[in-house]
Amino acid sequence: MVNHQQLHAIFEISIRVKMSEKVADYVNQCRPVVWKEHDLRAADGTPLKLLEGGVDLAAKHRKRVTVLYFQGNASSLPPRLPYLSAVLKALDAAGDQISEHTGYSIYALSYRGFWTSRGRASQSGIELDAQAALTWLTQNVRQGPHIDTTFVLWGQSVGAGVATTALATLLTQQYLNAAGPQHQNLLNTHSLILETPFLSIRSMLTTLYPQKYLPYRYLWPFLRSTWDSGLAVKKIAVVATAAAAAAASHPKPNPSSRNGPSAIVVTPPIVRKVLILQAGKDEIVPAEQSEALERICRENLPGAIEVERLIVAGALHTEVMAKPQGRGAVVRHLRAAAENH
């Protein structure tokens with residue numbers, strides 16, 4: 001039986017969330033992580049809020065792992081900050097050589113119509129918001145010859161659809177609509193974290209209403225949002241395949257190699273990994289959705305891109321980060337992002 005929460009997830013995917021919480025309300029729960037507010041505008045002029053979190057935002061590190069977080073639609077950003085802070089605390093507490101030389105930060109985007117961002121929520125508008133955040137990061141996060149910065153896109157629930165769509169749009173602009181693979185340094189993307197994702201809203205309807213005689217599964221043309229992660233993954237695969245072919249046809253010599261002038265630089269894939277976190281007791285998204293998304297990733301993405309699906313035991317839809325297993329998976333993933341760059 002389909003419950004009210006599942007219907008809400010399908011039909012109210014672009015609800016307006018305007019809540020009174022403030023970042024200051026969660027300071028004690030986040031310490032020693034500090035959250036800083038940034039103002040930016042989407043391409044259509046809509047004012048947006050972006051939160052930046054880190055243990056020491058002013059510290060200088062040789063390596064930086066920068067996460068862009070896309071929230072689900074259930075609440076505004078401030079209540080999520082303690083969970084995001086717990087990831088940053090765990091990374092900082094590692095106390096090894098990786099953590100000593102790596103700075104970790106999470107940027108959380110408040111979509112239009114959510115929290116203090118202005119405007120009215122819609123898929124087309126939120127897509128503009130995501131591109132505005134990516135553009136802001138490329139312009140404002142410290143990058144240079146002596147700073148190795150890598151980016152991770154992390155989306156929860158609806159935010160997973162935002163993340164995959166945003167990356168597909170960005171990569172298409174950088175590789176296919178620009179002047180070729182030399183533009184890959186515009187954003188050094190390590191991976192995608194897809195927390196409690198669904199394949200698409202249309203797929204959700206079909207899964208929740210498998211009976212062909214019921215009218216609900218045919219309502220998808222009337223939905224305000226689609227958030228088709230399956231389609232976005234296929235677009236990412238097209239760009240990744242093209243970039244890999246271009247790198248293979250134009251190998252770069254490695255002047256620092258001890259193997260002589262014939263040695264070449266091994267070009268990594270434009271995205272190294274997709275991590276899918278599935279809630280073991282998800283009351284909103286059926287398990288088949290994560291399984292189908294994993295299958296599409298494996299069938300379409302080049303083999304060099306690792307795909308992992310982890311079931312977080314006992315977690316409801318919004319509890320993955322509250323569980324040590326889910327939180328630990330994200331921490332390990334971000335540490336791997338630091339090690340691989």
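Structure data summary
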{"item": "Count of residues meeting criterion [open to solvent by less than 60 Å² (accessible area, probe 1.4 Å), out of contact with any Pro (no Cβ under 6 Å at 6 or more places or on another chain) and farther than 27 Å from residue 75 by Cβ] in region 303-336", "result": "3"}
{"item": "Qualifying helices (runs of 4 or more DSSP H) (wholly inside region 71-172; at least 3 residues being within 26 Å of residue 239 (Cβ to Cβ) and open to solvent by less than 10 Å² (accessible area, probe 1.4 Å))", "result": "123-140, 158-171"}
{"item": "Pairs, first without any contact (Cβ under 8 Å) to a residue 24 or more places away in the chain in region 24-51, second of a type in the set (A, V, I, L, M) and assigned to a helix (DSSP H, G or I), C-beta under 8 Å, six or more apart", "result": "37/23"}
{"item": "Some residue of region 272-285 being open to solvent by 80 Å² or more (accessible area, probe 1.4 Å) and modelled with pLDDT under 60", "result": "no"}
{"item": "Cβ-Cβ under 6 Å pairs, at least 6 apart or on other chains, region 291-315 side closer than 12 Å to residue 194 by Cβ and in contact (Cβ under 8 Å) with a residue 24 or more places away in the chain, far side open to solvent by less than 30 Å² (accessible area, probe 1.4 Å) and assigned to a strand (DSSP E or B)", "result": "297/274; 297/307; 307/274; 308/275; 309/276; 310/277"}
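The values are calculated or read from the model by the stated rules, or taken from the named source; none is laboratory data. This is a predicted model, so every value here is computed, not measured. Glycine also receives a Cβ, built like all others from the backbone with ideal geometry; neighbour counts cover every protein chain displayed. Keep in mind that these areas ignore ligands, DNA and RNA; they rest on the heavy atoms of the full protein, side chains included. Shrake-Rupley method; radii C 1.70, N 1.55, O 1.52, S 1.80 Å.
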